[in-house]
1. Multiplying the sequence separation of residue 11 and residue 29 by 0.36 nm and subtracting their Cα-Cα distance, what value in nm do you get?
2. In whole angstrom, and with the biggest value first, how far do the Cα coordinates of the range 9-103 range along each principal axis?
3. Between residue 60 and residue 96, what is the label-point separation in nm under the 7 Å Cα-to-beta-carbon projection?
4. In the range 9-103, what % of DSSP beta bridges are antiparallel (nearest 5)?
5. Rank-order 44-51, 59-66 by packing density, defined as the average count of other C-beta atoms within 10 Å over each peptide's residues, highest first.
6. Ordered by packing density, taken as the mean number of other Cβ atoms within 10 Å over each peptide's residues, highest first, how do 78-89, 94-105 rank?
């Protein structure tokens, strides 16, 4: 299924993160953040807030690109290995994750 900019909920797995077979959900909000959460018994919710000074740059990126960048930042910063919740500043220059990202019907 092709991803469009109207899609805002996605699911993915992280085969590159050892011993993690969890299903994750990503949600892009027009309120300028990307929310990543693990869909199992261990709670993990991370929100990447786009700083106001970078809003113009973020608007030039597709929804898919923003979500892939948030996942890449999460892998780089080790957030998938932790439990709990956090608000982080979204680094729009993070590496882009190239894994399998699917549109979710969990909306």
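1. Working: separation 18, 0.36 × 18 = 6.48 nm, distance 1.50 nm.
Difference between extended and current length: 5.0 nm.
2. Cα extents, longest axis first: 37, 24, 21 Å.
3. With each label point 7 Å from Cα toward Cβ, the separation is 1.3 nm.
4. Details: 18 of 24 bridges.
Beta bridges within the range 9-103, antiparallel portion: roughly 75 percent.
5. Details: 44-51: 18.9, 59-66: 15.2.
Going by the mean number of other Cβ atoms within 10 Å, highest first, we get 44-51, 59-66.
6. On the way: 78-89: 12.7, 94-105: 14.3.
The densest-packed peptide leads the list: 94-105, 78-89.
Bear in mind these aren't lab numbers, they're just calculated from the coordinates by the rules spelled out. Computed from a predicted structure; not experimentally measured. Cβ sites come from the backbone with ideal geometry, for glycine too, and all protein chains shown count toward neighbours.
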